[in-house]
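Visitor: Pasting a structure below so you can have a look.
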Amino acid sequence: MAQVHFAVLVDRDGREREVAVKVLRPNMLAVIDKDLALMRMMAVWLERLSADGRRLKPRQVVAEFDKYLHDELDLVREASSATQLRRNMRDLGLVLIPEMLWDYCSTNVLVMERMHGVPISQVDRLRSAGVDIPQLARDGVTIFFTQVFRDGFFHADMHPGNIQVSLDPLSLGRYISLDFGIVGSLTRSEERRVGK
């Protein structure tokens, strides 16, 4: 739905800053809405044709999919989610979250601090760089549980493309979170059920 490009911003004093620029692909909304209309039609058929289809609640699944897809099309919402997670995680000291450069953000373009890291799936590369893998695993659990149980607001699209690890000597072994198009939050009743 979007592409990320790297660039350099130069301020009036000539100082450079590396950034990542996320740009929505043109006409994505029309394509997504067309696909969702087809999915809605198929969900209705599935519910009419079989008991298993009704049990799986395909219309609810499509509605949930619709919500998340449309949320991902709003890059201002994504920038806002990243900013909230960055603020929430600041004092934990285990994860780096890029700063959003709000003067350059819109619903179609997001500009953020450039992050340098290695995908978490490249364990051999991380280990050879001196990252303590068991500690990395413990930190990952701490980050997630802190987001869910303390803050009730969490990164909900954690795959190796979105979760990296810093090899910078000043932040070696710290997580880097990217792509905040899908986040989760707990309602008050959900917080009570999980014991918050």
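Visitor: Starting from 0.36 nm per residue, how many nanometres of slack lie between Lys67 and Asp52 once their C-alpha separation is accounted for? Don't skip to the end; give the middle numbers.
Guide: Values: separation 15, 0.36 × 15 = 5.40 nm, distance 2.40 nm.
Extending this stretch completely gives an extra 3.0 nm.
Visitor: Sticking with this one: At 1.4 Å probe size, put Ser81, Ser185, Ser128 in order of accessible surface, largest to smallest.
Guide: Details: Ser81 10, Ser185 75, Ser128 100 Å².
These residues rank, largest area first, as Ser128, Ser185, Ser81.
Visitor: Starting from region 1-88, pick out the GluC sites (Glu not before Pro) whose DSSP state is loop and whose Cβ has at most 11 other Cβ atoms within 10 Å.
Guide: On the way: sites: Glu16, Glu18, Glu47, Glu64, Glu72, Glu78; in loops: none.
Passing sites in region 1-88 do not exist.
Visitor: Okay, next question. Once ligands and nucleic acids are excluded and a 1.4 Å probe is used, how much of Tyr68 is accessible, expressed in Å² to the nearest 10?
Guide: The accessible area comes out at roughly 70 Å².
Visitor: Helix-only estimate, please: 222 nm mean residue ellipticity of the chain, summing -39500 (n - 2.57) across DSSP H runs of length 4 or more and dividing by its residues, to the nearest 500.
Guide: Values: 7 runs with 83 residues, N = 196.
Taken over the chain, the calculation gives -13000 deg cm²/dmol.
Visitor: Sorting Phe180, Phe65 by accessible area (1.4 Å probe), largest first, what list results? Before the final figure, lay out each step's value.
Guide: Values: Phe180 5, Phe65 95 Å².
Ranked list, largest accessible area first: Phe65, Phe180.
Visitor: In square angstrom, what is the accessible area per residue of the chain with a 1.4 angstrom probe?
Guide: Details: 12120 Å² over 196 residues.
I get 62 Å² per residue for this part.
Visitor: Follow-up question, since we're still on this one. Once R0 is set to 45 Å, what does the formula 1/(1 + (r/R0)^6) return for the Cβ-Cβ distance between Lys34 and Val10, expressed as a FRET efficiency to the nearest 0.05?
Guide: Values: r = 41 Å, r/R0 = 0.91.
Once rounded, the FRET efficiency stands at 0.65.
Visitor: Further, regarding this structure: Quick one: with all protein chains in place, what share of the accessible area of the chain is carbon or sulfur, to the nearest percent (1.4 Å probe)?
Guide: Details: 6580 of 12120 Å².
Carbon and sulfur together cover 54 percent of it.
Visitor: With each label point set 7 Å from Cα along the Cα-Cβ vector, what nm distance links Asp103 and Leu170?
Guide: In this crude label model, Asp103 to Leu170 measures out at 2.2 nm.
The values are calculated or read from the model by the stated rules, or taken from the named source; none is laboratory data. Predicted, not measured: the structure shown is a model, and the values here were computed from it. FYI the Cβ positions are ideal-geometry reconstructions off the backbone, even for glycines, and counts take in every protein chain you see. Areas reflect the complete protein model, heavy atoms only, side chains present, ligands, DNA and RNA absent. Shrake-Rupley method; radii C 1.70, N 1.55, O 1.52, S 1.80 Å.
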